[in-house]
Amino acid sequence: MEKTLYFAGGCFWGTEHFFKGVDGVTGTVPGYANGSLDKPSYEQVYTDTTGHAETVRVSYNPSRVSPAKLARLFFASIDPLSLNRQGHDEGTRYRTGIYYDDPADLPELQEEFSALERRLGAKPVTELLPLRSFWPAEERHRDYLEKNPGGYCHLPLRAFKYLRLYQDLELMLGDEPDTVARQSQTAAMIAERMKFFWTGFYRVIGGELVLGPFQGPPACFRIARGRGVCGSAWEQERTIVVPDVEQFPGHIACSSESRSEIVVPLVRNGAVVAVLDIDSTAPGCFDGTDAVWLEMIAALV
Ligand code: SME
């Protein structure tokens, strides 16, 4: 059995390419959803007066991927707080939304929207509505980024790498129960795919952070709560992105080669149990794309 769900994520070239990379997706068609005009052309929709949203019809095998998981991955590919603007594209046709053709999908989608709102601490502007209409786009818009490699894409290349990494990691970790084994495999896979300078875990043990599984040069053993980027992320229970380590008061330099850093807390039952720490030798290496995907990965480990 095949099911469908419709995603408006800004420019449909990038959103279609994104969903082609999701395991369990069996087909994608870019098009125009929930507007007032039948069979609109790209040019008509481009006037931004027809009410359509650039949307991708996603067909999927429900025994391999759920509407909830599709929504969760989709949320990592958009800015759910940005109204009528994604990347460089602006207009109501670039609004974000999930449109369903099966009302039975609504409860689990609503649950994902609530989880998103908790994570953001604000109400997403992304729509959740029944699909009223969908008109496939002109042939030239289909598989656009495959036909035009290197063509315009509002999504950063890194989002596609993280999508692959996230899904592979999920498969790899499976139901392995040992935490050290899971953290080791995760550090190795992130390092191998993303080529960061240092990737690893510090675990909360006896009131301080203790070095855990990692990939990269030797690092300091212990970090006190509230100290350095790691201790701050633990104390504040939030992801910290540091574009320039020299500008971060109290940064602990395990290596003089590190220029930028991101630290993501791992929370279990409401408490931080470890942090995922990643360093780069490039300044400003990390941004919101890294934060959102590494938080998804942290929730897997
Ligand atoms: N720079 C970190 C210390 C750990 S190393 O980066 C591996 C910090 O300031 O917490």
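The values are calculated or read from the model by the stated rules, or taken from the named source; none is laboratory data. Predicted model, so just to flag it, every value in this text is computed and none were measured. Here the Cβ positions follow ideal geometry from the backbone for every residue, glycine too, while neighbour counts run over all protein chains shown. SASA here: full protein model, heavy atoms, side chains in, ligands and nucleic acids out. Shrake-Rupley method; radii C 1.70, N 1.55, O 1.52, S 1.80 Å.
Some values worked out for this structure:
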read-out: Probe 1.4 Å - accessible area at residue 147, Å² to nearest ten; value: 100
read-out: Per residue accessible area in Å² of the chain, where ligands, DNA and RNA are left out and the probe is 1.4 Å; value: 46
read-out: Euclidean distance of C-alpha centroids, segment 1-80 and segment 94-167, integer Å; value: 6
read-out: 20 Å Cα-Cα reach of residue 195 towards lysines, excluding residues that sit fewer than 8 places from it in its own chain; value: 161
read-out: Placed amide H near residue 78: partners under 5 Å, 5+ positions off or other chain; value: none
read-out: If the convex hull is drawn through the Cα atoms of the chain, its volume per residue in Å³; value: 138
read-out: Residue-span extension gain [residue 282 to residue 268] - 0.36 nm each, minus C-alpha spacing; value: 1.9 nm
read-out: Segment residue 39-residue 158, length gained on full extension (0.36 nm per residue, minus Cα span); value: 39.4 nm
read-out: Segment 56-171 - convex hull of the alpha-carbon atoms, volume per residue in Å³; value: 137
read-out: Cβ-derived FRET efficiency at R0 30 Å, residue 114 paired with residue 147, nearest 0.05; value: 0.20
read-out: Residues residue 225 and residue 47, FRET efficiency given R0 of 45 Å [Cβ-Cβ distance, rounded to 0.05]; value: 0.20
read-out: Calculated from backbone phi, Karplus (6.51, -1.76, 1.60) coupling profile of segment 144-151 in Hz, x at Gly/Pro; value: 4, 6, 7, 6, 10, x, x, x
read-out: Over segment 45-196, relative contact order from alpha-carbon pairs under 8 Å, at least 6 apart, %; value: 20
read-out: Separation between Cα centres of segment 177-205 and segment 219-297, rounded to whole Å; value: 14
read-out: Sequence of 152, 32 from largest to smallest accessible area, 1.4 Å probe; value: 152, 32
read-out: Heavy-atom SASA rank of 29, 275, 267 (probe 1.4 Å, accessible area, largest first); value: 267, 29, 275
read-out: Debye intensity ratio in log₁₀ form over the Cα atoms of segment 1-120, taken at each q of 0.12, 0.13, 0.14, 0.23 Å⁻¹; value: -0.41, -0.49, -0.56, -1.39
read-out: Paramagnetic reach from residue 1 in segment 88-108 [backbone N under 18 Å; point 7 Å along Cα→Cβ]; value: 100-108
read-out: Cut-off under 5 Å, modelled amide H: who pairs with residue 259 long-range; value: 280, 281, 282
read-out: Rounded percent of accessible protein surface that carbon and sulfur make up, the chain, 1.4 Å probe; value: 51
read-out: Contour minus Cα-Cα distance for residue 192 and residue 139 (0.36 nm per residue); value: 15.3 nm
read-out: Over the chain, relative contact order from alpha-carbon pairs under 8 Å, at least 6 apart, %; value: 15
read-out: 28, 15, 179, reordered so the largest accessible area comes first (probe 1.4 Å); value: 179, 28, 15
read-out: Proximal charge balance of residue 197 [Cβ under 13 Å; K/R count +1, D/E count -1]; value: -2
read-out: Relative contact order (%) - segment 114-208, alpha-carbon pairs under 8 angstrom, separation at least six; value: 14
read-out: Alpha carbon convex hull of segment 157-301, projected area averaged over orientations, nm²; value: 7.9
read-out: Shape of segment 121-171, Cα gyration tensor, a/c cut at 1.5; value: oblate
read-out: Per DSSP, loop trypsin sites (Lys or Arg not before Pro) in segment 59-127 with at most 14 further Cβ within 10 Å; value: 64
read-out: In Å², nearest 10: area of residue 300 left accessible to a 1.4 Å probe; value: 30
